[in-house]
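Undergrad: So that we are looking at the same thing, I have put the structure below in structure tokens.
The values are calculated or read from the model by the stated rules, or taken from the named source; none is laboratory data. Keep in mind the model is a prediction, meaning the values are calculated, not measured. When we count neighbours, we look across all protein chains shown, and the Cβ atoms used for this are built from the backbone with ideal geometry, even at glycine.
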Amino acid sequence: MIIKLKEQRVVVLIDVQNLYHSAKNLYQARVNFSEVLKAAVAGRKLIRAFAYVTRTKTGEEKSFFEALKKLGIETRVRDLQEFYGGLKKADWDVGIVIDAIRTAPGVDVICLASGDGDFVPLVEYLKNQGKRVEAIAFGRSASLKLKEAVDEFIDLEENPEKYLLKK
């Protein structure tokens, strides 16, 4: 059994694209970020929560950004890059890594809301710094290496009704 202490200080780093695409592909639904944040914090002291989001040219995501802010989640915004030939890209991995390393000295727990296996070296680094590292994501679309690397993997698929909003 994993014990989560009330006095543990937690930072939550939400890879919005990762969770969004998993929910869409697995369930044709949207993510309930309020419940994801609650599960990540688990009654401990939330120090900061960041959501890494992408702004499009149309700006249709503005209300979503506002909803995140109302939950107390700080948004980190990057413009969607469009390349010749139609390829679109908005990669936040480096930004997430930098924020994790920057905030780590002031917290006990870093919770990554992502199933991206690219974060395994970050997880190993943080654990070597004496930090507890947790990941919260959809199990079927999460990297096995990430699940094995973290101290705890919280599978959103164990209670999909709680973590999803139907379209």
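Undergrad: In the stretch 35-68, how many are farther than 17 Å from Leu156 by Cβ, surrounded by 12 or more Cβ atoms within 10 Å (Cβ to Cβ) and free of Cβ contacts under 8 Å to residues at least 24 places away in the same chain?
TA: 3
Undergrad: Tell me, yes or no, whether the stretch 105-116 has at least one residue that is at pLDDT 95 or above, in contact with a helix residue (DSSP H, G or I) (Cβ under 8 Å, 6 or more places away or on another chain) and in a helix (DSSP H, G or I). Give the derivation first.
TA: Filtering the stretch 105-116 down to residues at pLDDT 95 or above leaves 105-116.
Narrowing the set further to residues that are in contact with a helix residue (DSSP H, G or I) (Cβ under 8 Å, 6 or more places away or on another chain) leaves 110-116.
Those left that are additionally in a helix (DSSP H, G or I): none.
No - not one qualifying residue is present in the stretch 105-116.
Undergrad: Right, another one. Suppose we keep only residues that are touching a residue at least 24 places away in the same chain (Cβ under 8 Å) and not hydrophobic (A, V, I, L, M, F, W, C) within the stretch 129-138. Which one would you say is farthest from Ala113 (Cα to Cα)?
TA: From the stretch 129-138, those touching a residue at least 24 places away in the same chain (Cβ under 8 Å) are 129, 131-138; that's our starting set.
Now narrow it down to the ones that are not hydrophobic (A, V, I, L, M, F, W, C): 129, 131-132, 134.
Details: Gln129: 20, Lys131: 16, Arg132: 14, Glu134: 8 Å.
Of everything passing the filter in the stretch 129-138, Gln129 is farthest from Ala113 (Cα to Cα).
Undergrad: Filter the stretch 1-34 for residues that are hydrophobic (A, V, I, L, M, F, W, C) and free of Cβ contacts under 8 Å to residues at least 12 places away in the same chain and give the result. First the steps, then the outcome.
TA: Residues of the stretch 1-34 hydrophobic (A, V, I, L, M, F, W, C): 1-3, 5, 10-14, 16, 19, 23, 26, 29, 31, 33.
Across the stretch 1-34, the qualifying residues are Met1, Ile3.
Undergrad: When you check Lys162 against the structure, is it in contact (Cβ under 8 Å) with a residue 40 or more places away in the chain, within 22 Å of Arg44 (Cβ to Cβ) and not in a strand (DSSP E or B), yes or no? Outline the logic, then answer.
TA: On the way: in contact (Cβ under 8 Å) with a residue 40 or more places away in the chain: yes; within 22 Å of Arg44 (Cβ to Cβ): yes; not in a strand (DSSP E or B): yes.
Here the answer is yes, as Lys162 does meet what is asked.
Undergrad: Looking at the structure I just gave you, is Ile2 β-branched (Val, Ile, Thr), at pLDDT 95 or above and either within 27 Å of Val94 (Cβ to Cβ) or surrounded by fewer than 21 Cβ atoms within 10 Å (Cβ to Cβ) (or both)? I'd like the intermediate steps shown before the answer.
TA: Numbers: β-branched (Val, Ile, Thr): yes; at pLDDT 95 or above: no; either within 27 Å of Val94 (Cβ to Cβ) or surrounded by fewer than 21 Cβ atoms within 10 Å (Cβ to Cβ) (or both): yes.
Against the criterion (β-branched (Val, Ile, Thr), at pLDDT 95 or above and either within 27 Å of Val94 (Cβ to Cβ) or surrounded by fewer than 21 Cβ atoms within 10 Å (Cβ to Cβ) (or both)), Ile2 does not qualify.
Undergrad: Any idea which of Leu26, Leu68, Leu13, Leu19 is in a strand (DSSP E or B), within 22 Å of Phe138 (Cα to Cα) and touching a Phe, Trp or Tyr at 6+ places or on another chain (Cβ under 8 Å)? Write out each step before concluding.
TA: Values: Leu26 fails: in a strand (DSSP E or B); Leu68 fails: in a strand (DSSP E or B); Leu19 fails: in a strand (DSSP E or B).
Leu13 is the lone residue from the list that is in a strand (DSSP E or B), within 22 Å of Phe138 (Cα to Cα) and touching a Phe, Trp or Tyr at 6+ places or on another chain (Cβ under 8 Å).
Undergrad: Restricting to the stretch 124-139, and then to whatever is within 21 Å of Lys38 (Cα to Cα) and of a type outside the set (Asp, Glu), can you tell me which residue is surrounded by the fewest Cβ atoms within 10 Å (Cβ to Cβ)? Walk me through it before giving the result.
TA: Quick first cut of the stretch 124-139, residues within 21 Å of Lys38 (Cα to Cα) only: 131-139.
Add one more test, that the residue is of a type outside the set (Asp, Glu), and what stays is 131-133, 135-139.
Working: Lys131: 18, Arg132: 18, Val133: 23, Ala135: 27, Ile136: 25, Ala137: 25, Phe138: 22, Gly139: 16.
Here the answer is Gly139.
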